[in-house]
Structures are given as C-alpha cells and as structure tokens.
1. Determine whether the stretch 119-138 contains at least one residue that is free of Cβ contacts under 8 Å to residues at least 12 places away in the same chain and closer than 18 Å to Gly71 by Cα.
2. Tell me which residues, restricted to the stretch 115-140, are farther than 20 Å from Trp83 by Cβ and either in a loop (DSSP other than H, G, I, E, B) or within 16 Å of the ligand (Cβ to nearest atom) (or both).
3. Quickly run through the stretch 21-35 and pick out the residues that are more than 13 Å from Phe128 (Cβ to Cβ), in contact (Cβ under 8 Å) with a residue 40 or more places away in the chain and open to solvent by 50 Å² or more (accessible area, probe 1.4 Å).
4. Answer yes or no as to whether Phe38 is in contact with a Leu (Cβ under 9 Å, 6 or more places away or on another chain) and under 15 Å from Ile135 (Cα atoms).
5. Condition first: open to solvent by 30 Å² or more (accessible area, probe 1.4 Å), closer than 29 Å to Cys208 by Cα and not in a strand (DSSP E or B). Can you find one or more residues in the stretch 148-156 that meet it?
6. Tally time: how many residues in the stretch 54-67 are within 22 Å of Thr122 (Cα to Cα) and touching a Gly at 6+ places or on another chain (Cβ under 9 Å)?
7. Scan the stretch 92-114 for residues that are within 16 Å of the ligand (Cβ to nearest atom) and over 24 Å from Leu58 (Cβ atoms) and jot them down.
8. With (1) more than 16 Å from the ligand (Cβ to nearest atom); (2) open to solvent by 80 Å² or more (accessible area, probe 1.4 Å); (3) at positive phi as the list, and Phe44 as the residue in question, which single condition is left unmet?
Amino acid sequence: MNERSLSIGDQFPEMTVQTTHGTKTLPDDYEGRWLILFSHPGDFTPVCTTEFVAFQQLYPEFQKRGTELMGLSIDQVQAHMKWTEWIEQNLGVPITFPIIADPLGTVANKLGMVHKARQTSTVRGVYFIDDKGMIRAIFFYPAEVGRGLKEILRTLYALQTSDHYHLALPADWPNNNIIGDRAIVPPAANEQQKAERLKQAETGEVDCFDWWFCYKNLRKE
Ligand code: BEZ
C-alpha cells in the first residue's frame with residue numbers, strides 16, 4: 001500500500017538510498033540537475049530489459065538537458081549488477097546510470113510505485129524531479145507495457161522550455177496539428193489581461209484565435 005501520495009508540485013521527500021553506484025541522498029545529491037527516477041517491476045524480465053537499453057541509448061540526450069537517470073526495483077543490489085552485466089554481455093549495452101536496490105520495497109512504497117494490481121513489485125513509475133528537488137511530472141505505466149522513451153524525453157524538454165519562456169506547450173509539441181512548434185501564451189485571467197492580449201495580437205507580438213487562445217513563436221523570444 002502507498003504510504004502517501006506525492007503529487008506534482010511537492011518537494012521530493014528526503015531519503016538515503018542504496019544504489020549500484022553506492023549510497024545517494026535524494027534529492028540533495030542532484031541539486032542543480034534534473035533527475036528522472038523510474039521504477040521497473042523486476043530484474044531479468046524482458047520488457048524491463050528493453051526499457052533499460054532504451055533509457056541507456058537516450059542517456060546522452062537526457063544529459064544534454066542537464067538530467068540524470070536512476071532506476072529502481074524491489075531487488076537486491078547484486079541482482080541489479082548481475083542483470084546489467086547480462087545486458088552488457090548479451091546486448092552490448094553497458095548500463096551506466098545507478099539503480100536503487102530496494103529489497104524491502106521501502107522506497108517504492110514511499111513513492112507510491114507499488115499498485116493494487118501487483119503488490120510485490122513496482123509498476124513502471126517515472127518521476128521528473130527538477131533542479132530544485134521539486135516533482136514536476138509523474139507517469140505510471142502497467143507492468144505489461146514498456147514506456148515510450150521519446151515521450152519521457154519530450155516531456156522533460158517541454159517542462160524545461162516552459163520554465164524558460166513562461167509559456168505553455170500544446171499537444172504533441174513541437175509537432176502540434178494546429179500551431180506547430182509554437183508555444184501558448186497563458187490564457188488571460190481577467191479583463192485587463194484580455195485587453196492586453198488583444199493589443200498584443202494587433203501589434204503582432206502574439207497570434208490569437210481568440211483572446212483566450214494566443215500563441216507565439218519561441219524563436220522570436
Ligand atoms: C517484463 O519486464 O517483461 C515484465 C515484468 C512484469 C510483468 C510482465 C512483464
């Protein structure tokens with residue numbers, strides 16, 4: 001059972017974890033960097049193996065965005081080490097990010113990663129933790145379905161872009177069907193902002209379908 005439910009906007013709870021790269025203190029050891037912390041149901045399982053290879057192959061893309069990866073499952077550290085050794089020997093991919101060993105499920109339960117459908121292992125959870133230790137997004141996938149790594153990377157990049165420009169990003173950004181790679185100006189929340197948006201639309205600072213649906217080109221920033 002979950003001990004508590006964490007949500008977007010919460011500070012990631014302070015904890016010390018044992019990993020394949022030694023002891024880590026979360027979130028402090030990652031201050032100034034983003035962290036994608038993801039759980040998998042178990043070592044030596046096929047879907048998880050495909051995910052680990054996919055995470056590793058995209059690791060340089062995460063690192064380019066100041067982001068580290070960390071895995072977690074309810075397994076011993078030696079099992080993680082044997083499994084990653086198998087992955088390297090058989091699939092030619094060395095796993096270079098740390099994996100939390102959580103044999104008693106203490107960390108997994110704290111993070112709400114053990115769900116009703118499968119009470120002795122974690123579902124496929126993904127926490128996006130920003131450079132100040134705040135939880136910015138949480139995904140959960142079932143054990144039967146491997147994660148879409150490109151969506152995880154896209155969400156990370158969109159969060160960082162949204163923070164930088166103080167703008168929101170549309171469905172499937174940067175390939176949205178209506179406004180392409182442009183970003184959405186937060187909807188006017190009062191009459192004064194509505195008048196402001198209409199003026200910005202007149203001067204070409206933003207494009208609008210209406211006063212509550214305005215967007216702009218990030219390249220103009
Ligand atoms: C897998 O990773 O292959 C897997 C793990 C748990 C349940 C089903 C599949």
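1. Looking through the stretch 119-138, none of the residues is free of Cβ contacts under 8 Å to residues at least 12 places away in the same chain and closer than 18 Å to Gly71 by Cα.
2. Start the filter on the stretch 115-140 by keeping residues that are farther than 20 Å from Trp83 by Cβ, which leaves 115-117, 119, 127-140.
Result: His115, Lys116, Ala117, Gln119, Asp130, Asp131, Lys132, Gly133, Phe140.
3. His21, Asp28, Glu31, Gly32 - these are the residues of the stretch 21-35 that are more than 13 Å from Phe128 (Cβ to Cβ), in contact (Cβ under 8 Å) with a residue 40 or more places away in the chain and open to solvent by 50 Å² or more (accessible area, probe 1.4 Å).
4. Details: in contact with a Leu (Cβ under 9 Å, 6 or more places away or on another chain): yes; under 15 Å from Ile135 (Cα atoms): yes.
Here the answer is yes, as Phe38 does meet what is asked.
5. yes
6. Going through the stretch 54-67 one residue at a time, the tally reaches 2.
7. Those that are within 16 Å of the ligand (Cβ to nearest atom) and over 24 Å from Leu58 (Cβ atoms): Gly105, Val114.
8. Looking at each condition in turn, Phe44 falls short on (1).
The values are calculated or read from the model by the stated rules, or taken from the named source; none is laboratory data. In this text the structure is predicted, and so the values were computed from the model without any measurement. Every residue, glycine as well, gets a Cβ built from its backbone with ideal geometry; the counts of neighbours run over all protein chains shown. In case anyone asks, the SASA skips ligands and DNA or RNA and just uses the protein heavy atoms, side chains included. Shrake-Rupley method; radii C 1.70, N 1.55, O 1.52, S 1.80 Å.
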